[in-house]
Amino acid sequence: QVDGHTDDVPLIQGAQFADNWELSQARALSVVRYMVNFLGIPPDRLSANGFGQYQPINPDDTAQARAQNRRIELKFTGK
């Protein structure tokens, strides 16, 4: 499971992605595609999930906290 996350700063008007939720999903999907295309992991074993800014690991209002919240998490689970 690949989880994408963002900080809580709104995207600018006209950005490539409509909002942070969409950005986090694209972030996760790009990792999944890399794992399939370059690492040979079967696609039926992967999922891409976008959480936007809704699961911060650091709630502080600082540049460092926002950088920590912009992340990908890989979760390995049994089938």
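The residue that is farthest from residue 61 (Cα to Cα), counting only those in the stretch 1-24 that are touching a strand residue (DSSP E or B) at 6+ places or on another chain (Cβ under 8 Å) and open to solvent by less than 70 Å² (accessible area, probe 1.4 Å), is 2.
Could you tell me whether any residue of the stretch 10-23 is in contact (Cβ under 8 Å) with a residue 40 or more places away in the chain and not polar (S, T, N, Q)? It would help to see each step written out before you state the result.
Taking the stretch 10-23 first, the residues in contact (Cβ under 8 Å) with a residue 40 or more places away in the chain are none.
No, because not a single residue in the stretch 10-23 is in contact (Cβ under 8 Å) with a residue 40 or more places away in the chain and not polar (S, T, N, Q).
Suppose we filter the stretch 56-71 for residues that are within 9 Å of residue 6 (Cα to Cα) and either of a type in the set (Asp, Glu) or in contact with a strand residue (DSSP E or B) (Cβ under 9 Å, 6 or more places away or on another chain) (or both); how many remain? The qualifying residues number 4. The set of residues in the stretch 48-79 that are open to solvent by less than 80 Å² (accessible area, probe 1.4 Å) and part of a helix (DSSP H, G or I) comprises 63, 65, 66, 67, 68, 69. Would you be able to say whether some residue in the stretch 30-47 is part of a helix (DSSP H, G or I), polar (S, T, N, Q), over 18 Å from residue 76 (Cα atoms) and open to solvent by 60 Å² or more (accessible area, probe 1.4 Å)? Checking the stretch 30-47: at least one residue is part of a helix (DSSP H, G or I), polar (S, T, N, Q), over 18 Å from residue 76 (Cα atoms) and open to solvent by 60 Å² or more (accessible area, probe 1.4 Å). Here residue 12 passes the criteria (1) in a loop (DSSP other than H, G, I, E, B); (2) β-branched (Val, Ile, Thr); (3) within 25 Å of residue 77 (Cβ to Cβ) except the one numbered (3). Could you give me the residue pairs with C-beta distances under 6 Å whose first residue belongs to the stretch 53-79 and is among the basic types (Lys, Arg), whose second residue is open to solvent by 100 Å² or more (accessible area, probe 1.4 Å) wherever it lies, and which are 6+ apart or on separate chains? Pairs found: none.
The values are calculated or read from the model by the stated rules, or taken from the named source; none is laboratory data. Keep in mind that this is a model prediction, so the values were computed, not measured. A quick note on method: Cβ atoms are made from the backbone with ideal geometry, for glycine too, and the neighbour counts reach across all protein chains shown. Each accessible area value is taken on the protein alone, full model and side chains, heavy atoms only, with ligands, DNA and RNA left out. Shrake-Rupley method; radii C 1.70, N 1.55, O 1.52, S 1.80 Å.
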